[in-house]
1. Short version: ³J(HN,Hα) in whole Hz for each residue of the range 284-294, in order, from phi by Karplus 6.51 cos²θ - 1.76 cosθ + 1.60 (θ = phi - 60°), x for Gly and Pro, what are they?
2. Please give, to one decimal in nm, the separation of the simple spin-label points placed at Ala251 and Asn201, each 7 Å out from Cα toward the Cβ.
3. Set the Förster radius R0 to 45 Å, insert the Cβ-Cβ distance between Glu187 and Lys80 as r into 1/(1 + (r/R0)^6), and round the FRET efficiency to 0.05.
4. Could you check the simple spin-label distance between Ser339 and Thr376, using points 7 Å along Cα→Cβ, in nm with one decimal?
5. Please report the relative contact order for the chain, taking Cα pairs under 8 Å with a sequence separation of at least 6, and give it as a percent rounded to a whole number.
6. Round to the nearest 10 and give me the degree value, 0 to 90, for the angle of helix 350-360's Cα axis relative to the longest principal axis of the chain.
7. Carbon and sulfur: what percent of the chain's accessible surface (1.4 Å probe)?
8. Pairs of Cα atoms under 8 Å, at least six residues apart: use those to get the relative contact order of the range 66-195, whole percent.
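The values are calculated or read from the model by the stated rules, or taken from the named source; none is laboratory data. The shown structure was predicted, so the numbers you read here are calculated from the model rather than taken from an experiment. When we count neighbours, we look across all protein chains shown, and the Cβ atoms used for this are built from the backbone with ideal geometry, even at glycine. Note: areas computed on protein heavy atoms with side chains; ligands, DNA, RNA excluded. Shrake-Rupley method; radii C 1.70, N 1.55, O 1.52, S 1.80 Å.
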Amino acid sequence: MGLFGKKKSGGSASNIASAIQNEKQKADIIVNAIDDAVILIDAKNVIKTFNPGASQLTGWSDEEAHDIDYRSVVKFTDNKGAEIPEAQHPFYLVFSQKSVIKNNELNIMRRDNSQIGVDVIVTPIIDDGGKVSGAVAVLRDVDDRRKQDRQRADFISTASHEMRTPVAAIEGYLALALNDKVTQIDEKARSYLEKAHASTNHLGQLFQDLLTSAKAEDGRLTSHPINVELSEFVEKLVEDLRFSAEKKGLALEMLKGGSGSGTATIAPLLYANVDPDRLREVITNIFDNAVKYTESGKITIGVTGDKNVVQVSIADTGPGIPKTDIPHLFQKFYRVDNSATRTIGGTGLGLFICRKIIELYNGKIWVESVEGEGSTFYINLPRVDSNQVQLQAAQSANTPTTSTPQAGVITPTKQGA
Ligand code: ADP
């Protein structure tokens, strides 16, 4: 709603009221000319501006939407098409968090119940007293782009799936050719075959990463979360990973429970609800990077937690990561461009996959790094109270099919693929 199209009030330019009117007209012209949907709400959740872009996107006219509670008009759905709860609505979050809310994964539910993929940015309007007195949302129709992304992801996942099979066969035959018990080959042939075997391994890993990242993008990653005690889980996993660090001459230290030494105190039980295979994939990936990029020194793995969060950290004494690269590090195919990455093989998919997996469990992953000193990767996962874990375990023990009091609780037994 606005003054766009109305005649100017006709006062002289020196008149303050007319100057304000002019400014308002200018603002209206800009808002109405923007192709994206622009929606302004006040502190009572009432829509105060609804530009033509918003009408086009939602199917509600300006007259219908104006002065109405946004919850009746601006409804979002998730990637499965289910309406998101109010507590996750960007308009709700902007008031509770008092900061800009961005979300690139929502769809808007139109008036005719059809859904359109949108990128959402909601900015709070903060008054002089520091209170949020309203919010401006800009919604961009990205439906076509998302469809193209989906088609590309489908192509990548089908292609990488199909290519993995012959690569696995080549790898198998090369392994046979290198096996003394099966074949006899001279040293020259062995060195060629070893190189071919290493490259085939790399190719297989690349296809696997492509497949996993395509699945992660369209929400098809399989996940079977259970309650996992992370101190013990990580400790056992570190034992499996120790060899690769020590082979490179790197020291390895495990810190538990945030005590600093890991030996003096009884470590608390730090449970999180995750798929152990997926978490193993994440930690192994970050650990492998630490080994890969660190020339000398030490890798330190920590597990700690507070009431709400369990935190796993993996620190190295490697080259560190430039500040300008850090915001992009968890994006697809991103690799820091330096001499190390040019000589050390990689796909730039590992950290992207890690982020997608951690987000499955409402966790957070990030890195802190000082160039020349090293990097520390952190994973935060919502902590599950151990009483609740025991209760759930006892409940499942009481069901006729299971009898173990540890049901639903896991610690690792082997290294993941
Ligand atoms: P890659 O297959 O290239 O290792 P990742 O997604 O796992 O892909 O990592 C992305 C980039 O982040 C790497 O190419 C590297 O430049 C940087 N990186 C990751 N871990 C470390 C580390 N521990 N130390 C320094 N740089 C790192």
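1. Those phi angles translate into 4, 4, 5, 5, 4, 4, 4, 5, 4, 8, 9 Hz.
2. Between Ala251 and Asn201, the label points sit 2.8 nm apart.
3. 0.20
4. 2.9
5. Worked out over the chain, it gives 10 percent.
6. The angle comes out at about 60 degrees.
7. After summing per-atom areas, the C and S share lands at 54 percent.
8. Reported as a whole number, the value is 14 percent.
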